[in-house]
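The values are calculated or read from the model by the stated rules, or taken from the named source; none is laboratory data. If you're wondering where the values come from, they're calculated on a predicted model, not measured in any experiment. No Cβ is skipped: glycine too gets one built from the backbone with ideal geometry, and neighbour counts run over all protein chains shown. We work out accessible area using only protein heavy atoms, side chains counted, and drop any ligands, DNA or RNA first. Shrake-Rupley method; radii C 1.70, N 1.55, O 1.52, S 1.80 Å.
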Amino acid sequence: MAKEKPDFGNEEVRLKYRHTTSHILAQAVKKLWPEAKLAIGPAIADGFYYDFDLEHKFTDQDLNKITKEMKRITKAGLPLERFELPREEALAFMKEQDEPYKVELINDLPEDEIISFYKQGDFTDLCAGPHMEKTSQIKAIKLTSVAGAYWRGDSDRKMLQRIYGTCFPSQEELDEYLAKIEEAKKRDHRKIGKEMDLFALYDEGPGFPFFMPNGMIIRNELENFWREEHRKRGYEEIKTPLILNEQLWHTSGHWDHYQDNMYFTKIDGEDYAIKPMNCPGAMLAYERKLHSYRDLPIRMGELGQVHRHELSGALHGLMRVRTFTQDDAHIFMLPEQTKDEIKGVIDFIDYVYSLFGFKYHIELSTRPDDSMGSPEEWDRAETALREAMEEKGLEFVINEGDGAFYGPKLDFHLEDSLGRTWQCGTIQLDFQMPQRFDITYIGPDGEKHRPVMIHRVIFGSIERFIGILIEHFAGKFPLWLAPVQVKLLTVTEKFAGYAEKTAERLREAGLRVELDIRNEKIGYKLREARNERCSYIGVIGEREAEAGTLTVRSSKAGELGEMPVSEFEAKLLKEIKDKAV
RNA sequence: GCUGGCAUAGCUCAGCUGGUAGAGCAGCUGAUUUGUAAUCAGCAGGUCGGGGGUUCAAUUCCCUCUGCCAGCUCCA
């Protein structure tokens, strides 16, 4: 029975397979360290893990030892047998086994839940299942790492040891997976950022990235694009200060709800804060004058640099930093304009992400524990976001309790090279700030009314977005973003004159051109130019100098052969104009 | 912040159980004038992340701080 290879294309089968392997991991650990206490061990996206509470710290050698024991268990071909117990017996059983975490899990199960166990050989685990029939169905196992993880994901609880692993129905598939991970690591934006000299982080400023000339090119192009697209969509742009006085942050609610993430300073003995968000500044900008209902919606954009105190362990290249620039905007509108504005922003985000070929998923983050405002206001805001999504026919997952303290939000998540997702775009609906700042517009009735407000970003943070771009394109950026669009290489120094003239012409046309007229072999210069990920390489020798041509190679399309400079120039300008990827 | 690991030249890395450091690439100098992924030679480059301790002697052992990596927590 069930001797055929499991269908790994089927998610249920895959999860079942890996869940069974996590039980085998637990069995092996219990065999080697009987005093280990079992927590939980689910299957996850690319594998599985199991959490243990154990005095002994697992080492890499231990992982090898455990793997050996796991292989012994799979060879033994133990059947997995399910059985159920009434609540009291289940508790007694786990108490007898001295598994306090399992006891806690059982205690927290709903009254009417059937409590089931799976037994393989001398090992039994509390588990809802399902599982494979026999341990021998598990073929290729790799334990990948050990890391700390809080019991029940609660940082106030004990930290356990988590062993991560993965498994496949064949060694070939496992090897293929591991090779893919190795490949993906080469796309790491921290590595490419260093290789292409885009940005740098120094011990002098952990989480405070420096942008180098090549990185600034990408950044400036993105910002130019951002301004142009916002202009088209009826946004105006402002810039608000980095430092504002303490009182403002009391008014906004940041003092009460966001203080742990803020930096503070004193000026002339008065308390000031460095802004962690741009909204309070935008509120002041809005209320500088009276607004008529005819003026709404007002879409006020700002490339606003914020500073947030992130925990040191959370920092990650450009993806998670302590200062970043949000491509922020605050939309002030009539209540009845809410849904259309939300839809407009959804379309805007989709337009930008699609331009780069990004895949993304959307989450609706709801009311957090520490929030401002009434449940009714939150319901109203969540409903508006939900309905806008539903009317657009878009799928989303609910991220319970992850909203901002002032309102719920739609989060747009992009993937890095290893498939980790990062929140980039977000649309947040806010009924709180308008009240707190008492901002108004004059309605048709001549009375003051309260506008509704949206906070939204498209890139999210320029820094994080650049990180995602680097990994997505592995440094081979679309031409319009590429730091070096063209590099001209001479075969010998004799052709330096023609090369310089050509470079001058292309620069004149607006292209970013570098020139390599060094006295080196063409193969050497070519190799260097390719390593620098120049978009186009133009080789210039005797033939080209005579014919007024270039021999062109594209970083994406390979050899393109010889072409007239005019044709080359037109081709590149079109590619830039089209923002081709 | 927490758990574990790591920190040697600009970069990538060697350096067994303690005896004050080495390679490749990059850089500089010279020669080579070259047609699609590395021409040759020479030179220079490091108080071995910071501080403290043990020792006759510490890059190596211990403590501590800082930073980095993976994960957790948190989040754009």
**Asked** Roughly what would the spin-label model give for A:GLU172 and A:LYS501, points 7 Å off Cα along C-beta, in nm?
**Response** 5.8 nm
**Request:** Heavy atoms only, probe 1.4 Å: what % of the accessible area of segment A:410-455 goes to carbon and sulfur, would you let me know?
**Result:** 42 percent
**Complete:** Sorted on mean Cβ neighbours within 10 Å (highest first), peptides A:502-508, A:483-489, A:31-37, A:150-156 come out as A:483-489, A:502-508, A:31-37, A:150-156
**Message:** Can you tell me, using C-alpha contacts under 8 Å and at least 6 residues apart, the relative contact order of chain A as a whole percent?
**Reply:** 10 percent
**Request:** Give the residue from A:LEU284, A:HIS307, A:ILE238 lying farthest towards the positive end of the charge dipole for segment A:207-336; charges sit on Cβ (+1 for Lys and Arg, -1 for Asp and Glu) and the dipole is referred to the Cα centre.
**Result:** A:ILE238
**Message:** Using 0.36 nm times the number of residues separating A:LYS95 and A:ASP340, minus their current alpha carbon distance, what extension gain do you get?
**Reply:** 82.5 nm
**Complete:** Most packed first (mean Cβ within 10 Å per residue), the peptides A:93-106, A:15-28, A:386-399 order as A:15-28, A:93-106, A:386-399
**Request:** Give me the percent of the accessible area of segment A:138-233 that comes from carbon and sulfur atoms, probe 1.4 Å, all protein chains in place.
**Result:** 49 percent
**Fill in**
Once A:ASP7 and A:ILE398 are pulled to full extension, the length gained, defined as 0.36 nm per residue separation minus their Cα-Cα distance, is 137.8 nm
**Complete:** Most packed first (mean Cβ within 10 Å per residue), the peptides A:422-430, A:526-534 order as A:422-430, A:526-534
**Complete:** Taking the dipole of chain A about the Cα centre (Lys, Arg +1; Asp, Glu -1; charges at Cβ), the one of A:GLY467, A:ILE298, A:ASN214 that reaches farthest to the positive side is A:ASN214
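Please compute the contact order of segment A:461-576 in relative form: average sequence separation of alpha-carbon pairs under 8 Å and at least six residues apart, divided by the residue count, as a percent.
About 26 percent, as a whole number.
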**Item:** chain A - accessible surface per residue (Å², probe 1.4 Å)
**Value:** 48 Å²
**Request:** Treating cross-link reach as a plain straight distance, find the lysines whose alpha-carbon is under 22 Å from the alpha-carbon of A:LYS119, omitting any fewer than eight places away in the same chain.
**Result:** A:LYS3, A:LYS16, A:LYS30, A:LYS31, A:LYS37, A:LYS68, A:LYS71, A:LYS75, A:LYS95, A:LYS102, A:LYS134, A:LYS139
**Asked** Across 10 Å bins from 0, what is the distribution of all Cα-Cα pair distances for segment A:381-529, in whole percents?
**Response** 9, 22, 20, 16, 13, 12, 6, 1
**Prompt:** Simple spin-label model, 7 Å along Cα-to-Cβ: A:LEU315 to A:ASP46 in nm?
**Reply:** 2.5 nm
**Asked** Quick one: length gained pulling A:THR59 to A:PHE264 fully straight, 0.36 nm per residue minus the C-alpha distance?
**Response** 69.6 nm
